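Trainee: One structure follows; several queries about it will come next.
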Amino acid sequence: MASNKGGVASFPKIKEIKTFIIQGVGSGGDYHNVKGGHWLIDSKISTPMSGYEAYRKSRTSWGINVLGSFCVEIEATDGTKGFATGFGGPPACWLVAEHFRRFLIGADPRDTNHLFEQMYRGSMFYGRKGLPVAVISVIDLAIWDLLGKIRNEPVYKLIGGTTRERLDFYCTGPEPASAKEAGFIGAKVALPYSPGEGPEGLRKNVQYLRQKRSEVGPDFPLRVDCYMSLTVSYTIELVEKCKDLDIDWWEECLSPDDFDGHALLKRAHPTIKFTTGEHEYSRYGFRKLIEGRHIDILQPDVMWVGGLTELLKVSAMAAAYDIPVVPHASGPYSYHFVVSQSNCPFQEYLANSPDGKSVLPVFGNLFTNEPIPTKGYLDVTQLDKPGFGLELNPSAPLIDATNILNPAPSKSLPLPDQEGSEGNAKGVA
């Protein structure tokens, strides 16, 4: 970086932004875009769609993987490139090219707060949550990767540095005994049956959790993911029937919009830990969760919540209320965040092997060097590479989105010609 007359080093600007989709399955930021038979999509898991018998067998039947992965590459004027992946597929690529690009080209990548605000506010009329914010998240992560590479520092050193020497993990998957054997500090299983499957389903849930507890013993932390699929009354009854199993926490029991429902759960079971946040977006979405103090642990996903820029704000709010933040999955993007935050005690590892028994890279073969936990932890020095430290696999099946967006599905109206506008204004005057 060259110095200007004032002695402050000049900094590269954003020159170009490109997007890619990924051909095939099992690679990139869409956790659920995996091959058939994978536990994530084809095992018995309670979902918001489990009330419909036709959509109980596989989560792909109702479209959990319909969007697929996409990637963002941001190039600076000095030739440095930042890269990140997430979910959103072709629609995400279109939003980047047709909407968010205008806020990025020529911008200083250090202005992360400013860039987030412009993208968030500029899409507020159709966004605020869901896909638009997920797209902003991946752009934001690519910017942070770019900043780290320009500065030749790991991202965690840009956001406060480390708070520990090693990062401990718990494992989410169908085989908690395998997680225990592999050295993870805890395990989380998916609840199999939904309220739509009646009293028999409730009994089977209790039996299933009792079996999993017996497999790991009485002292190993066992958690339950309910994936937004339960009701208040069902959750209260299920938790009561499982009190002797010492479940460490019950995760995402209710719809993300049922803020009042969380208060009822806590009133019914004040000593039980309830967690949520995976499907919440932006600091505004988390504000009520935090202020209500009905949630014991927050679980934002950095690839969905608004990126690292917004996650840092959520974490700061949570810290003021002494609420721990344990991010949902997201691989190395989460690792850099967690090691920099004193209110993030550990991190989730989402088992990416088809049977959930072995430890594989979260993003499949997209990168050649994705760090993964060994014996349930990761030494922080493994993150000591520029940016997020991920090296793109030359064989990654990327498809340049330019080839699928040209011509674009529709074109925005052209901006009015400034000279013509001035002439019209004079004529009216």
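The values are calculated or read from the model by the stated rules, or taken from the named source; none is laboratory data. These numbers come from a predicted model, not from an experiment. Ideal geometry is used to build each Cβ from the backbone, glycine not excepted, and the neighbour counts take in all protein chains shown. Heads up: the accessible areas ignore ligands, DNA and RNA and are worked out on the full protein's heavy atoms, side chains in. Shrake-Rupley method; radii C 1.70, N 1.55, O 1.52, S 1.80 Å.
Trainee: Where does the charge balance sit around N65 when Lys and Arg score +1, Asp and Glu -1, over other residues with C-beta under 9 Å from its C-beta?
Mentor: Values: positive: R59; negative: D30.
Summing Lys/Arg as +1 and Asp/Glu as -1 gives 0.
Trainee: Say we join alpha carbon atoms closer than 10 Å with springs in a Gaussian network model of the chain; which of A318, A268, A92 then has the biggest fluctuation?
Mentor: Of A318, A268, A92, the most mobile in the Gaussian network model is A268.
Trainee: Still on this structure, please answer the following. Please get the size of the charge dipole for region 87-173, origin at its Cα centre, with Cβ charges of +1 on Lys and Arg and -1 on Asp and Glu, quoted in debye to the nearest 20.
Mentor: Working: 11 positive and 9 negative charges, 17 e Å.
Taking the Cα centre of region 87-173 as origin, the dipole is about 80 debye.
Trainee: Ok, one more. Identify which of C344, C71, C171 has the largest mean-square fluctuation in a Gaussian network model of the chain, with springs joining Cα atoms closer than 10 Å.
Mentor: Of C344, C71, C171, the Gaussian network model singles out C344 as fluctuating most.
Trainee: Just to check, using Stokes-Einstein with a Kirkwood Rh over alpha carbon pairs, what's the diffusion coefficient of the chain at 10 °C and 1.306 mPa s in µm²/s?
Mentor: Translational diffusion coefficient: 70 µm²/s.
Trainee: Could I ask something else about it? Would you be so kind as to identify which of T271, V305, P256 lies farthest towards the positive end of the dipole of region 183-309, taking Lys and Arg as +1 and Asp and Glu as -1 on Cβ and the Cα centre as origin?
Mentor: T271
Trainee: On to the next question. Note the full-extension length gain between A177 and A316 as 0.36 nm times their separation in residues minus their Cα-Cα distance, in nm to one decimal.
Mentor: On the way: separation 139, 0.36 × 139 = 50.04 nm, distance 3.48 nm.
Using 0.36 nm per residue and subtracting the Cα-Cα distance, I get 46.6 nm.
Trainee: What are the lysines whose alpha-carbon lies under 18 Å from the alpha-carbon of K266, with same-chain residues fewer than 8 places away excluded?
Mentor: In chain and number order, the partners are K241, K243, K288.
Trainee: Now, a different point. Counting helices only, and only those DSSP H runs with n ≥ 4, report the 222 nm mean residue ellipticity of the chain as the sum of -39,500 (n - 2.57) divided by its residues, in deg cm²/dmol to the nearest 500.
Mentor: Using -39500 (n - 2.57) per qualifying helix, the result is -10000 deg cm²/dmol.
Trainee: Give, in nm to one decimal, the length gained when the segment between E215 and E117 is fully stretched (0.36 nm per residue of separation minus the Cα-Cα distance).
Mentor: My answer for the length gained is 30.5 nm.
Trainee: A further question follows. Once the Cα atoms of helix 232-241 and of the chain are each reduced to a long axis, what angle between those two axes, in degrees from 0 to 90 to the nearest 10, is obtained?
Mentor: Tilt of helix 232-241: around 40 degrees.
Trainee: Hey, if we sort K243, K57, K273 by accessible area with the 1.4 Å probe, largest down, what's the order? Intermediate results must be reported in sequence, preceding the final value.
Mentor: Working: K243 105, K57 175, K273 75 Å².
Largest to smallest exposure gives the sequence K57, K243, K273.
Trainee: Mind pulling the angle between the C-alpha long axis of helix 131-151 and the longest principal axis of the chain? Nearest 10 degrees, somewhere in 0 to 90.
Mentor: 70
Trainee: If I fit a long axis through the Cα atoms of helix 418-428 and take the longest principal axis of the Cα atoms of the chain, what angle between them do I get, 0 to 90°, rounded to 10?
Mentor: 80
Trainee: Among Y55, W39, F116, whose Cα lies farthest out toward the positive end of the dipole of region 37-196, if unit charges sit on the beta carbon of Lys, Arg (+1) and Asp, Glu (-1)?
Mentor: Ranked along the dipole, the leading option is Y55.
Trainee: Taking 7 Å along the Cα-to-C-beta vector as the label spot, tell me the R287-L350 distance in nanometres, rounded to one decimal.
Mentor: The modelled label-to-label distance comes out at 2.8 nm.
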